[in-house]
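Just below is one structure, and these are the notes that go with it.
The values are calculated or read from the model by the stated rules, or taken from the named source; none is laboratory data. Predicted model only: the values in this text are computed from it and were never measured. With ideal geometry, Cβ positions are generated from the backbone for all residues, glycine too; neighbour counts draw on all protein chains shown.
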Amino acid sequence: MVISLTGQVALVTGAGRGIGRAIALDLASRGAKVIVNDLGMDVSNKGGSEPVADSVVAEIKALGSDAATNTGSVSDYEAAYQMVKQAMDLWGRLDIVCSNAGFLRDQAIHNMQPDDWQAIIDTHLTGAYNILHHAWPMFRQQSYGRVVLTSSNSGFVGNFGQSNYGAAKAGLIGFMNVLKLEGQKYNVMVNCLGPGAATRMTVPLMSGAPGGEERLAKMSPESVAPVVTYLCSPDCKDSGMIIEASGGEFGRAAIVRNKRVAIDAPDADKIAQQWAAITSLEGAEPWWSVRQSWKDHLAEMAK
């Protein structure tokens with residue numbers, strides 16, 4: 001199987017550096033035209049803007065594909081519209097959205113200020129809404145779309161000092177789980193990426209840990225990008241997946257549901273007695289929706 005994105009148009013946010021840059025370049029290497037969106041700010045979304053998106057556009061053109069710079073903020077509803085419009089104006093379509101823009105403002109909850117909470121939610125979570133709200137009519141009209149939302153282990157299991165970031169990243173999983181249902185009829189596949197890579201956001205956190213330097217050497221952003229390219233291709237028929245990618249290793253994470261425990265006339269004492277059974281994951285299965293298991297969904301799709 002040879003994955004080709006020839007004739008496809010992609011919008012990648014936060015594509016000036018790190019994982020976003022690697023994704024944009026990998027998509028382009030398979031033939032996609034790319035809107036390269038990046039504000040060029042520092043890791044806390046402050047400081048002066050740098051023309052990092054222009055550099056990535058130049059790299060893509062050197063590969064023989066086409067690209068264009070966009071420096072709008074995904075947290076701005078109108079700017080998000082302009083990103084989608086730019087793709088339509090230049091190339092007449094939009095097939096792929098990789099919502100990757102983000103930054104960190106870490107503080108323990110008792111120190112976190114409202115502005116630092118809201119700024120993270122606005123970019124990571126509301127930014128994904130802003131882009132996809134405008135892109136979705138195009139996907140429906142052409143009966144095709146591929147979406148990858150960059151989530152994080154901070155949203156899956158938590159990370160100290162990242163209540164804002166973890167809440168936004170977990171929110172993207174809920175966002176995906178609804179959009180996979182809304183997109184099913186229109187051949188729109190929506191998945192989440194849980195990346196681990198050596199970037200300017202992660203190097204300071206990892207370099208001081210035991211074995212950190214060795215880990216960093218293996219965890220290039222380029223090792224993450226290929227799985228995103230597959231998820232963005234016509235060959236990918238799966239939706240609602242959380243795919244972890246780090247250091248050349250790939251796997252699926254999932255929200256699972258166990259078999260419920262029936263308790264007659266329940267009270268707190270009976271709950272305590274049955275707590276081990278209530279919380280056991282033996283026989284647990286991933287779920288597709290509130291009404292259907294993943295297994296039942298696949299069986300229905302196979303009919």
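Worth pointing out:
- Residues in the stretch 274-283 that are loosely packed, with under 11 Cβ neighbours inside 10 Å and of a type outside the set (S, T, Y) were compared, and the one that is farthest from V256 (Cα to Cα) is A276.
- Any chance S73 is under 18 Å from the mean Cα position of the chain (by Cα), farther than 18 Å from A170 by Cα, of a type outside the set (V, I, T) and part of a loop (DSSP other than H, G, I, E, B): yes
- Scanning the stretch 78-110 for residues that are of a type in the set (D, E) and either surrounded by 24 or more Cβ atoms within 10 Å (Cβ to Cβ) or in a helix (DSSP H, G or I) (or both) gives E78, D89, D95.
- Any hit, the stretch 188-210, residues being modelled with pLDDT of 90 or more, closer than 22 Å to M241 by Cα and assigned to a loop (DSSP other than H, G, I, E, B): no
- Scanning the stretch 1-44 for residues that are farther than 23 Å from D76 by Cβ, part of a helix (DSSP H, G or I) and within 20 Å of the chain's Cα centre (by Cα) yields a total of 5.
One line per residue, one yes/no per condition, for (1) crowded, with 19+ Cβ neighbours inside 10 Å; (2) outside the structural domain of A24 (by TED's automatic domain parsing); (3) of a type in the set (V, I, T); (4) in contact with a Ser or Thr (Cβ under 6 Å, 6 or more places away or on another chain):
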residue: G127; (1), (2), (3), (4): yes, no, no, yes
residue: W136; (1), (2), (3), (4): yes, no, no, no
residue: R140; (1), (2), (3), (4): no, no, no, no
residue: G145; (1), (2), (3), (4): yes, no, no, no
residue: G158; (1), (2), (3), (4): no, no, no, no
residue: G161; (1), (2), (3), (4): no, no, no, no
residue: G171; (1), (2), (3), (4): yes, no, no, no
residue: V188; (1), (2), (3), (4): yes, no, yes, no
residue: P195; (1), (2), (3), (4): yes, no, no, no
